[in-house]
Amino acid sequence: AADGNSATPANPVLAGQHAEYTAKQLANFKSGERKNPVMLGMASTLAPEDMKKLGEYFQQQKTKPRSAKDPALVQIGQQIYRGGIMAKGVAACTSCHGPNGAGIPAQYPRVAGQHADYLSSQLMAFRSGERANDPNKMMRTLAAKLSDTEIKAVSEYIAGLR
């Protein structure tokens, strides 16, 4: 949507996302480092300054609140997000994305209020190696240790973060 609040769960919410992160993703789509034919078409004509301006625009937009759909998964997801999974060597999501999912500008994206379906698809893409634009393979390494159920659970929890 024009305000960055995607109505389609398969597409990301860009409203409130850090400008630097959005610009980086656009550059990654343009270069082919992040693969998506639709986004390649959209990003291919953008200059770096355009990417920066788009990032700044979406950062200023207000995120519409979302909620989780499955309370049982939310409970599991909260445990993973807040405490990780020690037995699997999975760090808590809070260590990079913060307790409220706001992330750290230019380093870690805002995840709070993101569509659960989109988050799940991205975690699965990191796990499979289909998505590989994470510094030092951080997300690929972490996602490789998560089961489908754990990915769905943490995604459900994050969707309701504010």
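Considering the conditions (1) surrounded by fewer than 17 Cβ atoms within 10 Å (Cβ to Cβ); (2) over 18 Å from residue 17 (Cα atoms); (3) in contact (Cβ under 8 Å) with a residue 60 or more places away in the chain; (4) within 15 Å of the chain's Cα centre (by Cα), residue 138 is excluded by exactly one of them, (3).
Residues of segment 92-111 that are of a type in the set (Val, Ile, Thr) and surrounded by 17 or more Cβ atoms within 10 Å (Cβ to Cβ): 111 alone. Elements of the type helices (runs of 4 or more DSSP H) sitting completely within segment 73-162 and holding at least 3 residues that are touching a Lys or Arg at 6+ places or on another chain (Cβ under 6 Å): these cover 116-128. Filter segment 21-72 for residues that are among the charged types (D, E, K, R), outside any loop (DSSP other than H, G, I, E, B) and out of contact with any helix residue (DSSP H, G or I) (no Cβ under 9 Å at 6 or more places or on another chain) and give the result. Listed by number, the list holds a single entry, 49. Of all the numbered requirements in (1) touching a residue at least 40 places away in the same chain (Cβ under 8 Å); (2) buried (at least 17 other Cβ atoms within 10 Å of the Cβ); (3) more than 12 Å from residue 155 (Cα to Cα), residue 89 misses one, and that requirement is (2). Only a single item in (1) on the phi < 0 side of the Ramachandran plot; (2) loosely packed, with under 13 Cβ neighbours inside 10 Å is not met by residue 74, and it is number (2). Of the residues making up segment 141-155, those that are open to solvent by less than 20 Å² (accessible area, probe 1.4 Å) and either under 13 Å from the mean Cα position of the chain (by Cα) or over 12 Å from residue 77 (Cβ atoms) (or both) are 143, 151, 154, 155. Within segment 31-47, residues that are free of Cβ contacts under 8 Å to residues at least 60 places away in the same chain reach partners that are surrounded by 15 or more Cβ atoms within 10 Å (Cβ to Cβ) and among the basic types (Lys, Arg) with beta carbons closer than 8 Å, at six or more positions or on different chains, in the pairs 40/30; 43/30; 44/30; 46/30.
Checking each residue in segment 1-27 for being hydrophobic (A, V, I, L, M, F, W, C) and open to solvent by less than 50 Å² (accessible area, probe 1.4 Å) picks out 13, 15, 19, 23, 26, 27.
Which of the residues that make up segment 28-65 are basic (Lys, Arg) and open to solvent by less than 90 Å² (accessible area, probe 1.4 Å)?
30, 34
The values are calculated or read from the model by the stated rules, or taken from the named source; none is laboratory data. These numbers were taken from a predicted model, which means no experiment stands behind them. All Cβ positions, glycine included, derive from the backbone under ideal geometry; neighbour counts span all protein chains shown. Just the protein is used for accessible areas: all its heavy atoms, side chains included, with ligands, DNA and RNA removed. Shrake-Rupley method; radii C 1.70, N 1.55, O 1.52, S 1.80 Å.
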